[in-house]
Amino acid sequence: MQIQVHGKQLDVGEALTTHVNTRLTEAVEKFANRPTEAIVTFSKDRHEFLCDASVHLSTGMTVQARGRANDIYDSLEGSIDKMEKQLRRYKRRLKDHHQKRDVPIEAFEASSYILNPGAEDATEDNEPETLQPVIVAEMATKVQSLSVGEAVMQMELAGAPLLVFRNDAHGGVNVVYQRDDGNIGWVDPRNNG
């Protein structure tokens, strides 16, 4: 497994990099067949250290976890503990997914935007001139082609509140999302009956 260790405005030393390589490799290989690459990024938020870890699996799925603690090594351990819990929960499904899928997961390029709606500039006396939001940033992103079950698993493994994906069944764009009541919502525009 290829592991990249970065620090955002932090110097990541050789000892921490070696510790990350050892701990992450042993944690992930317990649960996943052939992890391909990992990115671990450390940053500081006031008095706490943050550790964001992302592991790309050979199945095409990505596992992400975040740990935060007063010590940089403890933030790594928190992140790895969360990742192990996710992988343990999905171990059987990840292996079944890899064996049942004939072709690797396809990912399609898409544009992603960060918008500023301008609402903070508007007051009662000062109405915005237009309802068009201002584009603050434009990025490239990938939309994976998955089954609904795979999309729910990917969303939960990534710890994301929602996931946009191309439905393997019909090729249409779908969304799964975490509802406030704890259930998963699924939006399928083609299924309007």
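As for the stretch 11-32, it holds no residue that is more than 16 Å from ARG88 (Cβ to Cβ), in contact with a Leu (Cβ under 8 Å, 6 or more places away or on another chain) and either assigned to a strand (DSSP E or B) or at pLDDT below 90 (or both). Beta carbons closer than 8 Å, at least 6 apart along the sequence or on distinct chains, never pair a first residue in the stretch 10-30 that is not assigned by TED's automatic domain parsing to the domain that holds SER75 and of a type in the set (D, E, K, R) with a second that is surrounded by fewer than 16 Cβ atoms within 10 Å (Cβ to Cβ) and modelled with pLDDT under 95. Given the criteria under 26 Å from ASN167 (Cβ atoms), buried (at least 18 other Cβ atoms within 10 Å of the Cβ) and modelled with pLDDT of 85 or more, does VAL5 qualify? It is false that VAL5 is under 26 Å from ASN167 (Cβ atoms), buried (at least 18 other Cβ atoms within 10 Å of the Cβ) and modelled with pLDDT of 85 or more.
For the stretch 173-190, enumerate the residues that are surrounded by 12 or more Cβ atoms within 10 Å (Cβ to Cβ) and either modelled with pLDDT under 90 or under 14 Å from THR62 (Cα atoms) (or both). Correct list: ARG190 only. Figure legend. Inter-residue proximity from the stretch 93-116: first residues at pLDDT below 60, second residues of a type in the set (S, T, N, Q) and not in a strand (DSSP E or B), beta-carbon distance below 8 Å, spacing 6+ or different chains. Indicated pairs: HIS97/THR59; HIS98/ASN33; HIS98/SER58; HIS98/THR59. Selection of the stretch 48-64 for residues being closer than 28 Å to ILE105 by Cβ and part of a strand (DSSP E or B) yields CYS51, ASP52, ALA53, SER54, VAL55, HIS56, LEU57, THR62, VAL63, GLN64.
Taking GLY67, is it surrounded by 15 or more Cβ atoms within 10 Å (Cβ to Cβ) and part of a loop (DSSP other than H, G, I, E, B)? When the stated conditions are applied, GLY67 does not pass them. Scanning the stretch 141-180 for residues that are more than 20 Å from ARG89 (Cβ to Cβ) and charged (D, E, K, R) yields LYS142, ARG166, ASP168, ASP180. Among the residues of the stretch 32-57, count how many are surrounded by fewer than 21 Cβ atoms within 10 Å (Cβ to Cβ), touching a helix residue (DSSP H, G or I) at 6+ places or on another chain (Cβ under 7 Å) and closer than 20 Å to GLU150 by Cα. The qualifying residues number 1.
The values are calculated or read from the model by the stated rules, or taken from the named source; none is laboratory data. Keep in mind it's a predicted model, so treat the numbers as computed, not measured. Note that we place each Cβ from the backbone using ideal geometry, even for glycine, and neighbour counts take in every protein chain shown.
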